[in-house]
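The values are calculated or read from the model by the stated rules, or taken from the named source; none is laboratory data. This is a predicted model, so every value here is computed, not measured. Heads up, the Cβs are rebuilt from the backbone with ideal geometry, glycines too, and the neighbour counts pull from every protein chain shown. Areas reflect the complete protein model, heavy atoms only, side chains present, ligands, DNA and RNA absent. Shrake-Rupley method; radii C 1.70, N 1.55, O 1.52, S 1.80 Å.
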Amino acid sequence: MSSILAAILQSLVALAVLHGASFILLRLWRVSALRANYLAPLLSLGLFSLFGFTQGYVGLRWNLPTLIALWLGLVALSALWRGVRAQLAARGVAPSVGANTLTQRSTAWRYPTRRDSTSLCLAVLFAALVACGLAFLSLNNAVNGSWNMPSQTWDAVLHANSVRFLIESGNAGPFGLRYAPFVEPAQPVFYPSTFYQLAGAVVTFTGADPITATNIAAFLIAGWIFPLGMAFFVSCLAPHRPHWQPVALLLGPSLWAFPWAPLGWGVLWPSAISIAMIPFALGALVRVFHSGSHVTRLQRGAWMLLAILGASLTALSHPRGAVLLVIASGIYLLNLGIRSVLWRRRGDAPQHRALRIAAGVMLLVLPAVTIWGYYQLTSDRFSNKVTNIFWPIRSSPMGEVWNYLIQGPENSKPAYVLGALIALGVLCTVVRPRYAWLSVGYLVFAWLDITAATTHDESLLVITQIWYNDRHRIVGVTAVFAIGLMCLALHAISVMSVRVIQRAREARAPLTGRQREATLALQPAILATLVAVMFVSSSGLNVLGHVQYLSQYYRDAQNTVPNSLVSASEQQFMESLSTFVSPDEVVVNMPGDGSPMLYAISGLEPLFPLTNTLSGNSTIIRIAQNLTAPGQLPGLCADLERLNAPWLLTAQDVFHTDSVSPFDLPTLRVTPGDPNFTPVARGGDMTLYRITGCFPPA
């Protein structure tokens, strides 16, 4: 079976299981079919996170039987609960389960929604298929059809190794994965594990290897989680405009800012999945305050619980994502506060008392939080933990402003049509103040991104240093606001088109009421036509630009020294090392090359599982600094025997890029002819040695 066909089947299985399992639960909880589709990713990842946090207390391991048993248990409990409610309704103790009036308290826990129409469901399904197809096509071309190609980036080693560690240890918690699985002494620390749970689920349900699973998980972020999150976001932002939902879903994988920026550089998979959770949390927050006067307290409470779930997953996926969510939420609530004051002056007070209270609190709290945050960021105590990192500057501030106008940040392939739609959306918010916060949010995060990308001025970077002054960790939030603005722009164009048609028809003869309704009914068709024109004119939503960007970190980097972390021949060589190395043996390796990926590729244990880092206790550090030094090996034999490390794996070239410095240790390089190290096998740029100065020949 070819790699492409296998990846398609594995992706379909992962989608069917992860989406279908949560969809069934949500339907049992009486969530509408359309909204259940949107919320399925949130529920799946939420259940994974809950399992990871609680498994240590209940003694469960991450494996297929456990996950299936837990899901069946949830289905049984949900069905039982629904049956009990039906019995109570039959006895008159509780209202009927089938009641569908939003004003009834029987549905107070149900998320309020418009009746799903067949046409809307079909449009959403079509948009979802196109979004998934574009995301798959982009990644497939970037890896040149080889889905087991590792991302040729620094952080890919940690992430791929952690996925295998989750599968083999059965521990999916954020405190169990540890920063480096084999570091001694093992010190559990918090590290976000949501991405590892997603990739681990791919391995568990499809049998994919960890490298392939990370790439499929990246596809799920780009083609499943974020597009559905954006559809949910606009359904909350404009519930009276359901035709925005398939448009937002289709636009999900269209922008470089997200999902592609963090899926290439870094690679920042945990940050990407955290940002993908923001639309869910932000959309639910919008509905908390804009649900309408007919919504009961229990219904508003349900939206609040959903917002809390989204915010919790954002923080658990990566804590820095929570900071981005706080800023985005603050912009929204600040906008509500200003509008509340203006309404009160006009004598048109808001309908909801909670809105005025929350907005007023935000007006008082936000400046205080800003001052406190600035103090924390500039204090010595914080600066000792997070320092300014100066990444290469690739453009000037004005150059990046222009890149934003043409939607080509970081000199990526421009998307002129999408940039024009975003600019039009910003202009539309001038006459539609309800959506003004979208423009403010877009401009604020664009400013943060441009600041981090174009300057080394520490006085400016004090705000962005919590993201290591890395634009790829910030820029993704601009996509959330940008897609909302594009939906608004397309809606405005379609409305204007309908008005032009209506006026043209009225100029010929007066229209009856039915004729006016027929003209207004043209708006969805006009919007669909506009979307089709946008799709074609932007070359498939700039899919070639996304392929070009991702290829820098996959196929192009793999074939370029020194940007290649693990070449295809080296990967095949590491896969074959199990014929020489026993599963219980440790391989001393060079942290500066691709050998730390040994664990993810073959399951064998490298002494240094992190790239460009000497991690471990003083004994391990001493081995790295003295192993091949003249006359030092005899003093290390006892330590090597205790570690059961009779092998040395090194590559000729070390990995480095314009943002990653080379990390080379001469004490881990073997002098030709050294009798203490016997070459056993070679593949690509790598050589496996037997440390015969301490161990007998194999």
**Request:** Output the residues belonging to segment 27-43 that are open to solvent by 10 Å² or more (accessible area, probe 1.4 Å) and part of a helix (DSSP H, G or I).
**Result:** Arg27, Leu28, Ala33, Leu34, Arg35, Asn37, Leu43
**Asked** Given the conditions (1) assigned to a helix (DSSP H, G or I); (2) over 22 Å from Ile331 (Cα atoms), which single one is not true for Phe390?
**Response** (1)
**Request:** Kindly list the number of the only condition in (1) free of Cβ contacts under 8 Å to residues at least 12 places away in the same chain; (2) in contact with a helix residue (DSSP H, G or I) (Cβ under 8 Å, 6 or more places away or on another chain) that fails for Ile474.
**Result:** (1)
**Request:** Of all residues in segment 543-575, count the ones that are outside any helix (DSSP H, G or I) and touching a strand residue (DSSP E or B) at 6+ places or on another chain (Cβ under 7 Å).
**Result:** 0
**Request:** Looking at (1) hydrophobic (A, V, I, L, M, F, W, C); (2) at pLDDT below 90; (3) buried (at least 18 other Cβ atoms within 10 Å of the Cβ), find the lone condition where Leu665 falls short.
**Result:** (3)
**Request:** Any chance you could count how many residues in segment 398-425 are open to solvent by 40 Å² or more (accessible area, probe 1.4 Å) and part of a helix (DSSP H, G or I)?
**Result:** 10
**Complete:** Listed by first then second residue, the pairs whose first member lies in segment 10-31 and is over 14 Å from Trp224 (Cα atoms) and β-branched (Val, Ile, Thr), whose partner is assigned to a helix (DSSP H, G or I) and open to solvent by 20 Å² or more (accessible area, probe 1.4 Å), with beta carbons under 7 Å and at least 6 positions apart or on separate chains, are Ile24/Val75
**Asked** Would segment 217-234 turn up any residue that is part of a helix (DSSP H, G or I), over 25 Å from Ala199 (Cα atoms) and at pLDDT below 95?
**Response** no
**Asked** Which pairs have Cβ atoms under 9 Å, sit 6 or more apart or on different chains, and link a residue in segment 664-680 that is closer than 21 Å to Pro591 by Cβ and free of Cβ contacts under 8 Å to residues at least 40 places away in the same chain to one that is aliphatic (A, V, I, L, M) and surrounded by fewer than 17 Cβ atoms within 10 Å (Cβ to Cβ)?
**Response** Pro666/Ala629
**The one condition in (1) closer than 28 Å to Pro397 by Cα; (2) open to solvent by 40 Å² or more (accessible area, probe 1.4 Å); (3) at pLDDT 90 or above that His472 fails to fulfil** = (2)
**Prompt:** In segment 228-265, what residues are under 16 Å from Leu137 (Cβ atoms) and within 11 Å of the chain's Cα centre (by Cα)?
**Reply:** Pro259, Trp260, Leu263
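Would you mind stating whether Gln625 is touching a Ser or Thr at 6+ places or on another chain (Cβ under 7 Å), over 30 Å from Val143 (Cβ atoms) and open to solvent by 30 Å² or more (accessible area, probe 1.4 Å)?
Spelling it out, Gln625 is indeed touching a Ser or Thr at 6+ places or on another chain (Cβ under 7 Å), over 30 Å from Val143 (Cβ atoms) and open to solvent by 30 Å² or more (accessible area, probe 1.4 Å).
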